[in-house]
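**Q** What follows is a single structure, and I will ask about it in a moment.
The values are calculated or read from the model by the stated rules, or taken from the named source; none is laboratory data. Only a predicted model underlies this, so the values are computations on that prediction, with no experimental measurement involved. We place every Cβ from the backbone using ideal geometry, glycine too, and count neighbours over all the protein chains shown.
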Amino acid sequence: MMKGMVFAERYKLEDFIGQGGMSLVYRAVDIRTGHSVAVKILKSEYNSDKEFLERFQREAQAASLMSHHNLVNLLDVGVEGEYRYLVLEYVNGNTLKDIIRQKGRLNYQTAIQITVRILSALQHAHDNGIIHRDIKPQNVLIHADGHVKVSDFGIARMTNAFTISKGDTVVGSVHYSSPEQATGSVVEATSDIYSTGVVMYEMLTGRVPFDGDSPVAVAMQAATEGTDIPVVFAAVSDPVGAGLVESLEAPGANITGTSDYLDTDAILDLIFAADPDAKSIALLYDLGQDSSAAPIKNAKAYLDKRGVSYKEYNGTTTDEISLAVSSIVADKADAVFTPTDNTVMTAELAIYEALAKAGIPHYTGADSFALNGAFLGYGVDYANLGVETANTVSGILLDGSKPSATPVLTFDNGTATINTDICKELGLNYDELAETFAPLCTKVQSIVTAESFDDLNE
């Protein structure tokens, strides 16, 4: 690590705090004042990556426009050799998420006090033309003395009208995103207020009001509750677990759709077809996503029956997933399994290199993971799923079918997508693997890694 380095002849790095997909964070001492500060350092491998540079600069720009007692304020910005860095206030405490996990529900007086301070910080940001877009308990820091600080403006946007165009990328964290964020519509300052309301709900109840495995699933629950608007969803892996329907056969509400339900056993069969001697499997997933519960349970049963050891690794953010992967590498797992987990899929671009360099293949529940750098994605034929989803919509709109009585469609899993870049780095032969996997799949195909999300839109 970089402990002991001095930036700008002033900030001496002391304790490593943590890391995210694009940065490392250290507690440092300001030599001039003796005070502790937080130094956020862009990982050197991203110095030439336009996407990460823009996000890092965006955070600096947003922070430079603000100064408020309920914000983690920016103190300095600089470049030290190959390192770009931000110097921020150091908050000696815990995230609100950690506190909720430790204590469960908070009393209403505490919840109100914290909410008021979050809103005070947001008022200041909005007054300066900045929308945070990612308000969640993980981004609210509680100092040891009780002081509340809102952090992480990495996906913030600056606008005089407090709006974002409809063409802007869907951002934010699934469970806290406003319906307009989740559906890619116009984002306003009120989107931050919505997210704050979700945070307050979680403080008072210990859980989020709507749960699902994708932003759209959560948005559908929030936007259609108490209405008679028919809803058709697509590619929701566990509609029952997400609370969208009562059962696949009889949805029981004004909602139905298609599911890309994951055949966990089929993926694990591929792991052992490629490495019959595998002895330790890492199960990497977001503990808070209902969509992961069933496949992880199934994976444990499969591995128990086979007599293979496994260990669970969890995270609810890209930062936490990255730390989990560091543990997986240190533990020398033989392979990693992840279901159709939206959090890990989002974090894949930040973790795939570490797993590949360690020689650990990452088997996942969708080809999008493989596009982002996982070794293998396994799942349904999404072209066919799209056609059948359209047929369901047609049946409701044109034929008068009732969503409540229209079974959720499921599909045979069978397509294995292998990332040839990662296959090569792992020292594996694609042609040999394709031949090995062929009897276990309806189709084996190849893909290469998208180095940034921008690449996906080219």
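**Q** Please verify whether the stretch 96-105 includes one or more residues that are part of a loop (DSSP other than H, G, I, E, B) and over 26 Å from V6 (Cα atoms).
**A** Of all residues in the stretch 96-105, those part of a loop (DSSP other than H, G, I, E, B) come to 104-105.
With over 26 Å from V6 (Cα atoms) added as a condition, the list becomes 104-105.
Within the stretch 96-105 (the criterion being part of a loop (DSSP other than H, G, I, E, B) and over 26 Å from V6 (Cα atoms)), the answer is yes, since at least one residue qualifies.
**Q** If I ask for residues that are part of a helix (DSSP H, G or I), within 17 Å of I271 (Cα to Cα) and of a type outside the set (K, R), which ones from the stretch 305-347 would you list?
**A** As a first pass, look at the stretch 305-347 and keep what is part of a helix (DSSP H, G or I): 305-306, 318-331, 342-347.
Checking which are within 17 Å of I271 (Cα to Cα) leaves us with 305-306, 328.
Residue satisfying the conditions is I328 alone.
**Q** Kindly establish whether E59 is outside the structural domain of L119 (by TED's automatic domain parsing) and in contact (Cβ under 8 Å) with a residue 12 or more places away in the chain. Break it down stepwise before answering.
**A** On the way: outside the structural domain of L119 (by TED's automatic domain parsing): yes; in contact (Cβ under 8 Å) with a residue 12 or more places away in the chain: yes.
So E59 fits the description; yes.
**Q** Considering I193, I155, I142, which residue is outside the structural domain of S64 (by TED's automatic domain parsing), at pLDDT 80 or above and not in a helix (DSSP H, G or I)? Before you say what the answer is, go through the steps one by one.
**A** Working: I193 fails: not in a helix (DSSP H, G or I); I155 fails: at pLDDT 80 or above.
Of the residues listed, the single one that is outside the structural domain of S64 (by TED's automatic domain parsing), at pLDDT 80 or above and not in a helix (DSSP H, G or I) is I142.
**Q** How many residues does the stretch 330-347 hold that are surrounded by fewer than 24 Cβ atoms within 10 Å (Cβ to Cβ) and within 20 Å of the chain's Cα centre (by Cα)?
**A** 3
**Q** Tell me whether the stretch 82-95 contains one or more residues that are surrounded by fewer than 19 Cβ atoms within 10 Å (Cβ to Cβ) and over 24 Å from A144 (Cβ atoms).
**A** Within the stretch 82-95, one or more residues are surrounded by fewer than 19 Cβ atoms within 10 Å (Cβ to Cβ) and over 24 Å from A144 (Cβ atoms).
**Q** I'd like to check something: does the stretch 423-431 contain any residue that is basic (K, R), in the same structural domain as S327 (by TED's automatic domain parsing) and without any contact (Cβ under 8 Å) to a residue 60 or more places away in the chain?
**A** We begin by selecting, within the stretch 423-431, every residue basic (K, R); these are 424.
Still in the list and also in the same structural domain as S327 (by TED's automatic domain parsing): 424.
Then drop every residue that is not without any contact (Cβ under 8 Å) to a residue 60 or more places away in the chain, which leaves 424.
Within the stretch 423-431, one or more residues are basic (K, R), in the same structural domain as S327 (by TED's automatic domain parsing) and without any contact (Cβ under 8 Å) to a residue 60 or more places away in the chain.
**Q** May I pose another question? Please determine, by comparing only the residues of the stretch 252-278 that are over 14 Å from Y378 (Cα atoms) and among the polar types (S, T, N, Q), which one is surrounded by the fewest Cβ atoms within 10 Å (Cβ to Cβ).
**A** N254
**Q** May I pose another question? Given the criterion under 30 Å from L426 (Cβ atoms), at pLDDT 90 or above and of a type in the set (G, A, S), identify the matching residue among A350, A374. Please lay out each step first, then the result.
**A** Numbers: A350 fails: at pLDDT 90 or above.
Step by step, each of A350, A374 is checked, and only A374 is under 30 Å from L426 (Cβ atoms), at pLDDT 90 or above and of a type in the set (G, A, S).
**Q** Next question. Name the single residue that is surrounded by the fewest Cβ atoms within 10 Å (Cβ to Cβ) among those in the stretch 101-121 being in contact (Cβ under 8 Å) with a residue 40 or more places away in the chain and within 23 Å of the chain's Cα centre (by Cα).
**A** G104
**Q** D98 - would you say it is surrounded by fewer than 14 Cβ atoms within 10 Å (Cβ to Cβ), under 26 Å from T316 (Cα atoms), of a type in the set (D, E, K, R) and out of contact with any Ser or Thr (no Cβ under 6 Å at 6 or more places or on another chain)?
**A** Details: surrounded by fewer than 14 Cβ atoms within 10 Å (Cβ to Cβ): no; under 26 Å from T316 (Cα atoms): yes; of a type in the set (D, E, K, R): yes; out of contact with any Ser or Thr (no Cβ under 6 Å at 6 or more places or on another chain): yes.
Criteria not met by D98.
**Q** Additional query: For the structure I just gave you, tell me whether Q113 is at pLDDT below 90 and in a helix (DSSP H, G or I).
**A** Values: at pLDDT below 90: no; in a helix (DSSP H, G or I): yes.
No.
**Q** Considering the stretch 66-76 alone, what residues qualify as being surrounded by 17 or more Cβ atoms within 10 Å (Cβ to Cβ) and in a strand (DSSP E or B)? Break it down stepwise before answering.
**A** Applying the first criterion (surrounded by 17 or more Cβ atoms within 10 Å (Cβ to Cβ)) to the stretch 66-76 yields 66, 68, 70-72, 74-75.
Within the stretch 66-76, L71, L74, L75 meet the criteria.
**Q** Which one of these does L248 not meet: (1) touching a residue at least 40 places away in the same chain (Cβ under 8 Å); (2) at negative phi; (3) among the aliphatic types (A, V, I, L, M); (4) buried (at least 17 other Cβ atoms within 10 Å of the Cβ)?
**A** Exception for L248: condition (4).
**Q** Separate question: Filter the stretch 1-45 for residues that are among the basic types (K, R) and part of a loop (DSSP other than H, G, I, E, B); which is surrounded by the fewest Cβ atoms within 10 Å (Cβ to Cβ)?
**A** The qualifying residue surrounded by the fewest Cβ atoms within 10 Å (Cβ to Cβ) is R32.
**Q** Look at L71 and say whether it is under 24 Å from the mean Cα position of the chain (by Cα) and at pLDDT 90 or above. Outline the logic, then answer.
**A** Numbers: under 24 Å from the mean Cα position of the chain (by Cα): yes; at pLDDT 90 or above: yes.
Criteria met by L71.
**Q** While we're here: With the structure loaded, tell me whether L303 is closer than 13 Å to T364 by Cα, surrounded by 19 or more Cβ atoms within 10 Å (Cβ to Cβ) and not polar (S, T, N, Q) or whether it fails that test. Before the answer, list the steps.
**A** On the way: closer than 13 Å to T364 by Cα: no; surrounded by 19 or more Cβ atoms within 10 Å (Cβ to Cβ): yes; not polar (S, T, N, Q): yes.
Spelling it out, it is not the case that L303 is closer than 13 Å to T364 by Cα, surrounded by 19 or more Cβ atoms within 10 Å (Cβ to Cβ) and not polar (S, T, N, Q).
**Q** Could you check A266 against (1) under 22 Å from S327 (Cα atoms); (2) touching a residue at least 24 places away in the same chain (Cβ under 8 Å); (3) under 25 Å from the mean Cα position of the chain (by Cα) and say which number it fails?
**A** (1) is the only condition that A266 fails.
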